[in-house]
1. Given the Cα atoms of the chain, and with Rh set as the inverse mean 1/r over their pairs in the Kirkwood sense, what is Rg to Rh to two decimals?
2. Only four residue types carry charge here, +1 at the Cβ of Lys and Arg and -1 at the Cβ of Asp and Glu. Report the dipole size of the chain about the Cα centre in Debye, rounded to the nearest 20.
3. Hey, what did the chain get for relative contact order, percent, Cα under 8 Å, at least 6 apart?
4. Return the sequence-ordered ³J(HN,Hα) values of the range 110-126 in whole Hz as given by the Karplus equation 6.51 cos²θ - 1.76 cosθ + 1.60 applied to θ = phi - 60°, using x for Gly and Pro.
5. Just grab the label-to-label distance for ALA80 and ARG68, each label 7 Å out from Cα along the Cβ direction, in nm (one decimal).
6. With the dipole of the chain worked out from charges on the C-beta (+1 for Lys and Arg, -1 for Asp and Glu) around the Cα centre, which of THR72, GLY205, MET163 lies farthest toward the positive end?
7. Which of the DSSP-defined H helices in the chain satisfy a minimum axial length of 15 Å, computed from C-alpha atoms, and a minimum mean Kyte-Doolittle hydropathy of -1.0?
8. So, in nm, how far is label ARG158 from label HIS139 when the simple model puts each one 7 Å beyond its Cα toward the Cβ?
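Read the figures in this text as sums done on the coordinates, not as results from a lab. None of the values given here were measured: they were computed from a predicted structure. Cβ: placed from backbone, ideal geometry, glycine included. Neighbour counts: every protein chain shown.
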Amino acid sequence: MAVLVPYAAARPKTRLSDFLDSPERVSFSRAMLADVVDAVVDSGGNPTVLATEPVELDADATVEVDDRPLSTAVNDRLAAAADDGDDSTAVVMSDLALATPRVLSRFFDADGDLVVAPGRGGGTNALVVRHPEFRVDYHGTSYLDHLRVARDIGASVREFDSMRLSTDIDEPEDLVEVLLHTDGRARDWLLDAGFTVDVRKGRVGVRRER
Ligand SMILES: Nc1nc2c(ncn2[C@@H]2O[C@H](COP(=O)(O)OP(=O)(O)OP(=O)(O)O)[C@@H](O)[C@H]2O)c(=O)[nH]1
Ligand SMILES: C[C@H](OP(=O)(O)O)C(=O)O
């Protein structure tokens, strides 16, 4: 399956700025991107990274540069796929550090004109699009917006309930999930940067030791 992996290359992960400076946010987000691309490839998918500027990527994906807004760039590819008669295209966000080949292959195989993996907080972490008229509308409560778009065009929807695909790494409290549930480059990056699991407080989090 063709899999688009959108990636904001220039100023990624601003919500992590209390913990990571700007070069670190670039470096950490690249590590997550490489992990996601590896997982897509190992699941049998064919990834294209849709990046806002050129990126050197140590992983097996085509990189297309498109500096237009996220939804515009993705919709351009969905329209082209529909014109070409492609029957399915997936969109998997680059910050799904917990994605594994196993969960992605189940996700890609799920039935529905639209298969949606919601993110916590109303976002849309991953999609499989099998309806030629479906177009994305990211940001805000995009999960609800995507359900509405599907209803308007008569597309069947399958919600994909998955801890791994619902966990996008946006906020500092999400970092602990990378340490707890992954073993790829993003986790190695956090360990090298001095992050450890912090069990001293009521809720498990991270602390940085250097
Ligand atoms: N191609 C492209 N990808 C984007 C754009 N904005 C966000 N993304 C990607 O979309 C996914 C979800 O992004 P967000 O978490 O909303 O944004 P972010 O830039 O990663 O992080 P914040 O700055 O903290 O909002 C990630 O894979 C981003 O890399 C964009 O304008 N173009
Ligand atoms: C792109 C956006 O990501 P979030 O800001 O919710 O992580 C969305 O899912 O609509």
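1. Working: Rg = 16.8 Å, Rh = 17.4 Å.
Over the Cα atoms of the chain, Rg/Rh equals 0.97.
2. On the way: 24 positive and 39 negative charges, 170 e Å.
For the chain, the charge dipole is close to 820 debye.
3. Details: 400 pairs, mean separation 44.0, N = 210.
So the answer I get is 21 percent.
4. Values, residue by residue: 5, 6, x, 5, 9, 10, 10, 9, x, x, 5, x, x, x, 10, 7, 7 Hz.
5. Here the modelled spin labels are 1.0 nm apart.
6. GLY205
7. Details: long enough: 22-42 (30 Å, 0.38); 70-83 (20 Å, 0.31); 142-153 (16 Å, -0.27).
In the chain, the long hydrophobic H runs are 22-42, 70-83, 142-153.
8. That separation, rounded to one decimal, is 3.1 nm.
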